[in-house]
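The values are calculated or read from the model by the stated rules, or taken from the named source; none is laboratory data. Here the structure is a predicted model, which means the values were calculated and not measured. A quick note on method: Cβ atoms are made from the backbone with ideal geometry, for glycine too, and the neighbour counts reach across all protein chains shown.
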Amino acid sequence: MQQTTLQIGGLTPMTTIDYPGELAAVIFCQGCPWSCRYCHNSHLLPRSGDDLIEWASVIDFLKQRQGLLDAVVFSGGEPTLQRNLKAAIQQVRAMGFKIGLHSAGAYPERLAELLPLLDWVGLDIKALPEDYDTLTGVSGSGKKAWKSLQLLIASGVAYEIRTTVHPELLTPALLKQLDSRLQETGVVNHQLQKCNTSHCLDTTLTA
Ligand code: SF4
């Protein structure tokens, strides 16, 4: 078996809500280059962790689910942070699973390489590109996310564009502008997600 050092912070064995219309397992990849103020997965942000799951045990689990699950979703964190993601996807795809990806589009060049291997992408577009830096804490993050959006649309891979709405960060006026800009870019499937404010990285946003 091909060895990989994919860092995995969690696994959901079965879900109906993470890949539209498919019964899927979700692999939560460890690490994210951004620090979104509303992030509620702060344990997945460091590139390594104490309770990582061995890739070999994930493969063993998936072997037992062949024919029972339709798909495997790579989520995070930001899965495209890890250079071994492509090899991991190839391995899971060869087992007969459809492949879903949840991404915030932080690495457009890596996403471009992955797109031919993907069946569905849930891409977070958090704000207008010019409004990203104050949200993610990382300069230039908006340009990367919107470049990923363009690549995804051009690829023809099925997708859902998701925007998390925290009322203090995304006013109705900004949301309207965002929706217009997404339509101009060619987006046909834009969904809003209510922010989970039970705990946010920026505790001033926690309800
Ligand atoms: S991109 Fe996602 S995982 Fe990364 S900090 Fe933002 S909300 Fe959290």
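Can you name every residue in the range 22-61 that is surrounded by 14 or more Cβ atoms within 10 Å (Cβ to Cβ) and more than 20 Å from the chain's Cα centre (by Cα)?
Listed by number, the residues that qualify are I59, F61.
Looking at this structure, is T185 touching a residue at least 24 places away in the same chain (Cβ under 8 Å) and within 16 Å of the ligand (Cβ to nearest atom)? Outline the logic, then answer.
Details: touching a residue at least 24 places away in the same chain (Cβ under 8 Å): yes; within 16 Å of the ligand (Cβ to nearest atom): no.
Criteria not met by T185.
Considering only residues that are assigned to a loop (DSSP other than H, G, I, E, B) and surrounded by fewer than 22 Cβ atoms within 10 Å (Cβ to Cβ), look in the range 112-128 and name the one that is nearest to the ligand (Cβ to nearest atom). Lay out the reasoning, then the answer.
We begin by selecting, within the range 112-128, every residue assigned to a loop (DSSP other than H, G, I, E, B); these are 118-119, 125-128.
Those left that are additionally surrounded by fewer than 22 Cβ atoms within 10 Å (Cβ to Cβ): 118-119, 128.
Values: L118: 18, D119: 21, L128: 16 Å.
The selected residue is L128.
Would you pick out the residues in the range 5-21 that are more than 27 Å from L205 (Cα to Cα) and buried (at least 20 other Cβ atoms within 10 Å of the Cβ)?
L6, Q7, I8, Y19
Might you let me know whether the range 142-155 holds any residue that is at pLDDT 95 or above, among the β-branched types (V, I, T) and either surrounded by 19 or more Cβ atoms within 10 Å (Cβ to Cβ) or closer than 18 Å to G76 by Cα (or both)? Please lay out each step first, then the result.
Residues of the range 142-155 at pLDDT 95 or above: 142-155.
Filter again for among the β-branched types (V, I, T), leaving 153.
If we keep only those that are either surrounded by 19 or more Cβ atoms within 10 Å (Cβ to Cβ) or closer than 18 Å to G76 by Cα (or both) too, we end up with none.
No.
If I go through the range 168-207 residue by residue, how many of them are of a type in the set (S, T, Y) and either surrounded by 14 or more Cβ atoms within 10 Å (Cβ to Cβ) or under 26 Å from A158 (Cβ atoms) (or both)?
Narrowing the range 168-207 to residues of a type in the set (S, T, Y): 171, 180, 185, 197-198, 203-204, 206.
Next, only the ones that are either surrounded by 14 or more Cβ atoms within 10 Å (Cβ to Cβ) or under 26 Å from A158 (Cβ atoms) (or both) stay: 180, 185, 197.
Of the residues in that region, 3 qualify.
Within the range 66-83, how many residues turn out to be crowded, with 16+ Cβ neighbours inside 10 Å and either assigned to a loop (DSSP other than H, G, I, E, B) or of a type outside the set (A, V, I, L, M, F, W, C) (or both)? Walk me through it before giving the result.
Filtering the range 66-83 for residues crowded, with 16+ Cβ neighbours inside 10 Å gives 69-82.
Then keep just the ones that are either assigned to a loop (DSSP other than H, G, I, E, B) or of a type outside the set (A, V, I, L, M, F, W, C) (or both); that gives 70, 75-80, 82.
Residues meeting the conditions: 8.
So for the range 170-179 (the condition being away from the ligand (no atom under 16 Å from the Cβ) and part of a strand (DSSP E or B)), does at least one residue qualify?
First, the residues of the range 170-179 that are away from the ligand (no atom under 16 Å from the Cβ): 171-179.
If we keep only those that are part of a strand (DSSP E or B) too, we end up with none.
Scanning the range 170-179 turns up no residue that is away from the ligand (no atom under 16 Å from the Cβ) and part of a strand (DSSP E or B).
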